[in-house]
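Engineer: Just passing along the structure, written as structure tokens.
The values are calculated or read from the model by the stated rules, or taken from the named source; none is laboratory data. Since the model is a prediction, treat every value here as computed from it, not as a measurement. Every residue, glycine as well, gets a Cβ built from its backbone with ideal geometry; the counts of neighbours run over all protein chains shown. Protein only, heavy atoms only, side chains kept; ligands, DNA and RNA dropped before computing areas. Shrake-Rupley method; radii C 1.70, N 1.55, O 1.52, S 1.80 Å.
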Amino acid sequence: MSSGASSSSSPPPAESGDGYWEAREEAAARLEAMAARARGEDELSAEQLETNNRLQEDEVDYIKLKTLFYKTPEVTCGHAEEPQMPGCSSASKLEVLALQAIYGDDMVILEDKACLRSFQLFVRYPIPNGTKVFLNLHPNGTMVGTDNDGSQDGSELFYACSLKHLPPVVLTCLLPCSYPSTSAPYFTISAKWLDEPKVSHLCAMLDEIWTDLPGQEVVYRWLDWLNSSSWPCISLNDNIILVPDKTSDVGDERAIARRLLVDSTIPLMQSYNERRSHEIFLKSFHECGICLSENTGRNFIKLPCHHLFCLTCMKSHCRIHVTEGNLTQLTCPDTTCRSPLPPSVLKILLGDDCYKRWESFTLQKLLDTMPDLVYCPRCDAACLEVDNDAQCPECFFTFCSLCKERRHVGEHCVTPEEKIRILREKHQKYSLPEKQLLREQREIDELVNVCEALRDSKQCPRCKMAISKTEGCNKMTCRNCGKFFCYRCNQAIHGYEHFWDGNCVLFEHHNQVGRRYGLFEELDDDEGSDDEDLEEPEPEPEPEMVWGHPCPMCGRRNEKFGTNNHILCMGCRGHYCALCRKRVTKSSEHYGPRGCQQHTDP
């Protein structure tokens, strides 16, 4: 019976799992058909049945020795309590139990068919270094040879993929009553990733083994040959070469081969390889690179960079950085890798609430890096600026992106210092409502903070984040976007080459060790000899703005109104003196001849 069938370009969705490779229903149907045709020929007389049982018992003793060799639980004959099936020998059950003890999970006992025992055995080829799958696009499908060095003819072979696990070759057997005295087991071989001629060749080899060993049990020997000797029959130089889809005119009905096109079979093989690798990963023991503890793969996560860490350490690692807002540290913990963690991995490790927070931080960080994005001073909605002007899409307020006031075309935009001075004069001249006074005072504080930050800091060349250097070298790393830049010239750099080329010095201090290695800025010979005689001119003092008087309770800076030294803090609503910076409970007790003057010059 020919196994050829109409090919389809894509597999049905139901055939994408392991059941597609097992082909259990198709194999059972073919075995039942073979057993039905041979019905009547398998019946034995009492003498033949006794001889058959004796042969099976001898074979079971041989298989039990193999069982001890594989260090599996010993199979004894103490399982004969169950009622024997009519027409079947008790030794056939012992053979099945012995095979199950050897192959374990690679053997599946099927439902009995017409009182005949049926089972499936899976042959998995060990591929320690992986195997490559090639497509043979020769017009007539002739097998293409390889050179001695293993290289293929590039004009006819095309590389498809590399696999560590191939789909199994499945042997499905049905034991007749006359087995092993006169009849061989009915069997099918399922290998849906091979073409029909190769699978038919495997079936023919099993027939030869039965011919060489007539009247003996051959199931174990079949499995032993498939595991140890069938690999050269389906591979070429340890590579799998898939030929164009073809079927022979006279096929073997026991061969269940590939029925899909090659371009549809390869994705199924890749899918099986991934599932099998994941199953082995979950059952194996691994060592965490953080806490160095060992556990099964079910308690580990494998990152896209192929580094392994336990779930407990990775969850703590990610949640700590998200809580602190340090998104640039959400990378692989391996010090030699530092690959960013993709969102799919973060969603598993963070949980719903923490993941939403990460999404919010990431969006805000992305918006902060946009140079033409500003926020409306009225409703805080995001706006796009054009030539320092922007219009809010929510409240339609048109404002200047520099001073956050109404749009003033053709007029000079005030600086932060000027705006601070204008607001303070406004507070001194007018009696404002408390709500407006608090809002404008918060604006003054923000402007003061910006001015103080820009006074002793540099802006990151990528995200414009203000960064201040307290000590160390001039190679700076932005904690917001991770960009490297030089603190001296404010240029984006990639490493220390910027300093080795003589563009800028790495350190600003001058000492003997630094000059030896050229790390510090050198002084001229004339300048270094007469340091005591030379008098450096004192720098002219820069005009500084008075930023108010700090509150002794909360530290907030507040401006006094006119000459009055009694100040009401706009932050904690406490009263204090601008001269002595002490808390004032009663003005009559604090100010007077024995205390501070309540009114002095501004």
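Engineer: Mind listing the Cα extents of region 549-601 along all three principal axes, in Å, largest one first?
Structural biologist: That gives 30, 22, 13 Å along the principal axes, largest extent first.
Engineer: Moving to a separate point now. Using only the alpha carbons, work out the radius of gyration and Dmax of region 310-429 in angstrom.
Structural biologist: 21.0, 65
Engineer: Given a 1.4 angstrom probe, what's the average accessible area per residue across region 282-379, in square angstrom?
Structural biologist: Working: 5860 Å² over 98 residues.
Roughly 60 Å² per residue, with all protein chains present.
Engineer: Also: Could you give the size of the charge dipole of region 549-601 about its Cα centre, using +1 on the Cβ of each K and R and -1 on the Cβ of each D and E, expressed in debye and rounded to the nearest 20? Could you put the intermediate results ahead of the total?
Structural biologist: Working: 9 positive and 3 negative charges, 45 e Å.
Dipole magnitude for region 549-601 comes out near 220 debye.
Engineer: Just subtract the alpha-carbon distance of LEU311 and LEU367 from 0.36 nm times their residue separation and send over the number in nm, one decimal.
Structural biologist: Numbers: separation 56, 0.36 × 56 = 20.16 nm, distance 3.15 nm.
Stretched fully, the LEU311-LEU367 segment lengthens by 17.0 nm.
Engineer: With every protein chain in place, what's the accessible area of HIS408 (1.4 Å probe, Å², nearest 10)?
Structural biologist: 40
Engineer: At 0.36 nm per residue, and after removing the present C-alpha to C-alpha distance, how many nm does the segment from SER162 to LEU568 gain when stretched out fully?
Structural biologist: 138.6 nm
Engineer: Estimate the FRET efficiency between SER277 and LYS582 by the formula 1/(1 + (r/R0)^6), using the beta-carbon distance for r and 56 Å for R0, to the nearest 0.05. Mind dumping the intermediate values first?
Structural biologist: On the way: r = 73 Å, r/R0 = 1.30.
Efficiency, rounded to the nearest 0.05: 0.15.
Engineer: Can you pull the accessible area of ASP372 for me, 1.4 Å probe, Å² to the nearest 10?
Structural biologist: Around 60 Å² of this residue is reachable by solvent.
Engineer: In nm, to one decimal, how far is the LYS302 label point from the GLU497 one, both placed 7 Å along Cα→Cβ?
Structural biologist: With each label point 7 Å from Cα toward Cβ, the separation is 3.7 nm.
Engineer: I need the Kirkwood Rh of region 267-345: take the reciprocal of the average 1/r across all distinct C-alpha pairs and report it in angstrom. Walk me through the intermediate numbers first.
Structural biologist: Numbers: mean 1/r = 0.0732 Å⁻¹.
When all Cα pairs of region 267-345 are included, the Kirkwood radius is 13.7 Å.
Engineer: Can you figure out the FRET efficiency of ALA381 with ILE109, using R₀ = 60 Å and their beta-carbon distance, to the nearest 0.05? Before the final figure, lay out the partial values.
Structural biologist: Details: r = 68 Å, r/R0 = 1.14.
The value I calculate is 0.30.
Engineer: Starting from the exponent 0.38 and prefactor 2.2 Å, build the expected Rg for region 178-294 from its residue count and divide its actual Cα Rg by it. Present the calculation step by step, with values, prior to reporting the outcome.
Structural biologist: Details: Rg = 19.1 Å, N = 117, 2.2 N^0.38 = 13.4 Å.
Taking the Cα Rg and dividing by 2.2 N^0.38 Å, one obtains 1.42.
Engineer: Normalise the Debye intensity by I(0) for region 189-241, one equal point scatterer per Cα, no solvent, then take log10 at q = 0.13, 0.15, 0.21 Å⁻¹ and round to two decimals.
Structural biologist: -0.34, -0.44, -0.80
Engineer: Please identify every one of the trypsin sites (Lys or Arg not before Pro) in region 243-328 that sits in a loop by DSSP and has no more than 13 other beta carbons within 10 Å of its own beta carbon. Working shown, then result.
Structural biologist: Details: sites: LYS246, ARG254, ARG258, ARG259, ARG275, ARG276, LYS283, ARG298, LYS302, LYS315, ARG319; in loops: LYS246, ARG254, ARG258, ARG259.
In loop regions of region 243-328 (DSSP not H, G, I, E or B), the sparsely surrounded trypsin sites (Lys or Arg not before Pro) are LYS246.
Engineer: A further question on this structure: So for region 460-507, averaging the separation of alpha carbon pairs under 8 Å that are six or more residues apart and normalising by length, what relative contact order in percent results?
Structural biologist: On the way: 59 pairs, mean separation 15.7, N = 48.
Relative contact order here is 33 percent.
Engineer: Restricting attention to region 390-463, which GluC sites (Glu not before Pro) occupy a DSSP loop and are surrounded by at most 14 other Cβ atoms within 10 Å? Could the numbers behind the result be given before it?
Structural biologist: Values: sites: GLU394, GLU405, GLU411, GLU417, GLU418, GLU425, GLU434, GLU440, GLU443, GLU446, GLU452; in loops: GLU394, GLU405, GLU411.
When the GluC sites (Glu not before Pro) of region 390-463 are filtered for loop state and at most 14 Cβ neighbours within 10 Å, GLU394, GLU405, GLU411 remain.
Engineer: Can you give the accessible area per residue of region 393-447, in Å², using a 1.4 Å probe?
Structural biologist: Working: 3880 Å² over 55 residues.
Here the residues of region 393-447 average 71 Å² of exposed surface.
Engineer: For region 460-507, treating each Cα as an identical point scatterer without solvent, what Debye log10 I(q)/I(0) comes out at q = 0.17, 0.19 1/Å?
Structural biologist: Calculated log10 I(q)/I(0) at the listed q: -0.43, -0.53.
Engineer: Please sort by residue number the trypsin sites (Lys or Arg not before Pro) in region 157-237 whose DSSP state is loop and whose Cβ has at most 15 other Cβ atoms within 10 Å.
Structural biologist: Numbers: sites: LYS164, LYS192, LYS198, ARG221; in loops: LYS164, LYS192.
Counting only loop positions with at most 15 other Cβ atoms within 10 Å, the trypsin sites (Lys or Arg not before Pro) in region 157-237 are LYS164.
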